[in-house]
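To keep things clear, I will list the structure first and then write my remarks on it.
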Amino acid sequence: PPLIRRENYAPFPWLVPETHLAFTLGLEETLVVATLTLERNPAADPSPAIRLDGDGISPRSVAIDGEPAGDWWLDDGDLVITLPAESHTLRIETVISPTANSQLMGLYASNGMLCTQCEAEGFRRITFFPDRPDVLSTYTVRMEGPKDAFPVLLSNGNKVAEGGEGAVHWAEWHDPWPKPSYLFALVAGNLVARKDSFTTMNGRHVDLAIWVRGEDLPRTGHAMESLKKSMRWDEEVFGREYDLDVFNIVAVGDFNMGAMENKGLNVFNTKYVLADPETATDGDYDGIEGVIAHEYFHNWSGNRVTCRDWFQLSLKEGFTVLRDQLFSQDMQGEAVKRIEDVRLLRGVQFPEDSGPLAHPIRPDSFREISNFYTPTIYNKGAEVIRMMRTMAGPERFRRGTDLYFERHDGEAATCEDFIRAMEEGAALDLAQMRLWYSQAGTPKVDVTLAHDGETATLRLRQTVPPTPGQPDKQPMPIPLRLALFDRESGRHRGEELIVLAGEEETFSWSGFAERPILSINRGFSAPVTIERDMPADDLLFLAAHDDDPFARYEAMQELVLGHLVAAVGDGLSDQAIEAGRAAIGEALRAVLNDPGIDDAMRGELMMLPSQTYIAEALLVADPARIHAERESLKAWLARALESDLLPLYERTSGAVAGMDPAARGARKVRTQVLVFLAAGNPDRAAQIAAAQYDGARTMTDRQGALMVLTGLSAPQRTHALIDFYNRYQGNALVIDKWFSLQASSLHPAAIEHVKALAHHADFTLRNPNRVRSLYMAFAGNPHAFHAASGEGYRMIADLIIALDPINAQTAARFVTPLGRWRRIEPGRAALMRAELERIAGQPGLSRDTFEQVSRSLG
Ligand code: DPP
Ligand code: ZN
């Protein structure tokens, strides 16, 4: 498959002002009649023919200006037609089979309904079209089908007509806003709606509806509330108003991604719509609120202003992730949300940036765009725009986004357009900042703080590591929020923002009789790793006293990380181990008992750095050693602090139900306590967890207890797993949790459990949520995935090979964990590599999997 390059962008030679689509719907067979008006694009090089993208379809008929066309041919799946004049009307008939579409791209069947997913290049599986984001067209869609199978017919925009007699009915929808093909959507099925309405800031009445299967209706309330909050928030914070009379959301059980922002008709994975306290955790509630907001916000950052080409994907995704993060911060509290976002960034994006799949947030080339819906494009993209916001401040940042929306409304824009609007609107000089768009890799900042007389001198040095195709890097601007704490008073003089722009810079402050304590990268103001030698006492001080909650969290993480990295790396003397553990124990005890922090924050501070994060800090990791050291620290802490943990469990067991912050915080802490106890006192933990399981009034409590039990070899384990399955059989999202908990468990036999679960009657390769619930959980479970025998690697490779022909996009996602081999100790690395080679040797590999495997081996 060819490499597509950003530098080769050229505008499409034709404009498509109007697109009319007529569907005769059927699960087995759907007839599509596409009628396009075409005009030569004055801004492009003229072309005697038109090339319309197609993927796995063939035309049943082609007509130009009402006459059957003769001069057309298929080239590599695309339809090429000679067009003599300046403007034409083109009519193309295709027949597609939704039921046979297991890739879930284009038009497909799910549970008896029909739905579409077109981003990025799915529209070409429905009809021939210039399937690229810079061709904007006004769509009119007519759907006709059996009333009993498809009582509800939805598409983008507003419904303008409907009718039908007897068994067949039809509806016509019109979307007044020109859009690229990736935002087209159609849904037909037996659905019911939760309906509501919203009045916009300028008084426009909007009908809202969330469409689900009948039995799911009671679980749509939270999604609807989240939608209304998002609409209000985007008006208040970004000045963005909704622009149609209806906004529809449809929940689908078979979906490759989280959700999709089609104009006026968002299609969602059920996971991000359905919730009630009995079946969804507090985390699920937050996920729904965040994803509903994300897709809604795309209406401006993505739809009204879209992308010129897919290399600009972060233009809409990075920006929209930042917008949804800011929204969730406002809804749930800034500190905890920021910590969660940083944990995600470090857990998935930093490893991507240091591995074979590293790419800049604006990539230069790809073979399959589906492979670039990555944590780098999304989450690092958000961090880059967040840095601009930090440097400009919220008001100037808003002037920048206002200018961007105003200037590019109705256009397909580039990242460069965004940067320019930000430079002008927010009055920022972003010349050097552009490097964040072009250079991959997580910068490392070495920090030393010297003290001499009354002067404190901070020396900062940055390095941006080499990444595939980018051996040499230039220094990038790194905005760092910092504070210097006076040892005497325990206070700082006020936070400052400095920008490290050169490779090495020094900053100094006078008036410090003693060496101050440095709190740096507060709020995680830059997506970098900080390297510094900080005495344990100073970290203990920050963990207990820093007024920036993120910095407190960070100090805890740094304390534990430093200890574990040393323990895994060089091996520590018994004495050093004891001292390290004692310091961590002291910090954790303070966290457990500090009345000044709320439980949501306490829960965060109690979490030890993940194995992935520890591995990232090591050049080459031995997953077994990391696992052993981390578990043994946990066990030690649990035993040393048992007399603090048990009362904390007692206290937090008071508030059982309720969705208020206090009850949610209590649930989080309770489960964290159980996690510690499971390591230090498994019998006691099993007893408490079993009681929590039996008495649970929320899924958060039930899942937390089951997670802990699943990791133990206790008799209560089997009982709870059977009960959970029986209780929720038939509820796909909850059964996903049941698969996931077993695949991610600390149980020594987790790998055997996964093998057995793959043969469970409820397991299927056809449903992405189910596949991920078993195998993503497994691939993220270090002690099982990295079994020294290589069996874990073999299982993931077997999965990729089996899944690739069914759902290539999902299969390719599983290459990432195997691609980490360069950073793993040599024995395992060889086994991982061998599995990648075995996959590469399969005939007929998809473009998706081929690209990821070859980059991973490369
Ligand atoms: N554009 C979608 C989203 O990120 C993914 N296809 O919302
Ligand atoms: Zn998005």
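Values in this text are rule-based calculations from the coordinates and carry no lab data. What you see is a predicted model, and the numbers here were worked out from it, not measured in a lab. Glycine gets a Cβ as well: all are built from the backbone with ideal geometry, and neighbour counts include every protein chain shown.
Shape summary of region 444-526, radius of gyration then Dmax from alpha carbon positions: 14.5, 50 Å. Hey, which of these cross-link pairs are over 18 Å Cα-Cα: Lys634/Lys755; Lys195/Lys737; Lys271/Lys737; Lys159/Lys271? Beyond 18 Å between Cα atoms: Lys634/Lys755; Lys195/Lys737; Lys159/Lys271. The convex hull around the C-alpha trace of region 306-438, projected and averaged over every direction, spans 8.2 square nanometres.
Dividing the alpha-carbon radius of gyration of the chain by 2.2 N^0.38 Å (N being the number of residues), what value is obtained?
My calculation over the Cα atoms of the chain gives 0.97.
Of all DSSP bridge pairs formed entirely within the chain, close to 80 percent run antiparallel.
Taking the charge dipole of the chain about its Cα centre, with +1 at Lys and Arg Cβ atoms and -1 at Asp and Glu Cβ atoms, the residue from Trp173, His359, Thr671 reaching farthest to the positive side is Thr671.
Residues in region 96-102 carry Karplus couplings, in order, of 10, 10, x, 5, 7, 8, 7 Hz; the curve used is 6.51 cos²θ - 1.76 cosθ + 1.60 with θ = phi - 60°, and Gly or Pro positions show x. Packing order of peptides 621-628, 804-811, 25-32, 505-512, highest average first: 804-811, 621-628, 25-32, 505-512 (average count of other Cβ atoms within 10 Å over each peptide's residues). Residues of region 3-32 with an amide N closer than 20 Å to a point placed 7 Å from the Cα of Asp78 along the Cα-to-Cβ direction: 3-17. From the alpha carbon centroid of region 583-606 to that of region 653-700 is 17 Å.
Amide H contacts of Trp300: none lie under 5 Å away among residues 5 or more positions distant or on a separate chain (H built 1.01 Å from N in the peptide plane; Pro and chain starts excluded). Considering only Thr199, Ala749, Val33, the residue lying farthest towards the positive end of the dipole of the chain is Ala749, judged by Cα position with unit charges set on Cβ.
Hydrophobic, long helices, defined as DSSP H runs whose alpha-carbon span along the helix axis is 27 Å or greater and whose mean Kyte-Doolittle value is at least 0.5, occur in the chain at 549-569.
Whole-Hz Karplus values for region 462-472 come out as 10, 9, 10, x, x, 9, x, x, 9, x, 10 Hz, taken residue by residue from phi with 6.51 cos²θ - 1.76 cosθ + 1.60 and θ = phi - 60°; glycine and proline positions read x.
The packing ranking of peptides 526-534, 375-383, highest mean first, is 375-383, 526-534, where packing means the average number of other beta carbon atoms within 10 angstrom of each residue.
The alpha carbon centroids of region 516-534 and region 62-104 are separated by 57 Å. If R0 is 30 Å, what FRET efficiency do you get for Ala43 and Met331 from their C-beta distance, rounded to 0.05? Given R0 = 30 Å and the Cβ-Cβ separation, E is 0.10. Amide H to amide H distances under 5 Å link His492 with Asp486, where only residues 5 or more positions off or on other chains count and H is placed in the peptide plane. Region 463-487 and region 318-338 have Cα centres lying 24 Å from one another. Dipole magnitude for region 729-858: computed about the Cα centre from +1 point charges on Lys and Arg Cβ and -1 point charges on Asp and Glu Cβ, it is near 280 debye. The packing ranking, built from the mean of other Cβ atoms within 10 Å per residue, places the peptides 792-800, 704-712 in the order 704-712, 792-800, highest first. As a ratio to 2.2 N^0.38 Å, the alpha-carbon radius of gyration computed for region 1-76 takes the value 1.32.
Shown in residue order for region 194-207 are the 3J(HN,Hα) couplings computed by the Karplus curve 6.51 cos²θ - 1.76 cosθ + 1.60 at θ = phi - 60°: 8, 10, 7, 8, 9, 10, 6, 4, 9, x, 6, 8, 10, 7 Hz (x for Gly and Pro). Placing R0 at 56 angstrom, the Cβ-Cβ distance between Glu837 and Glu503 gives a FRET efficiency of 0.90 after rounding to 0.05.
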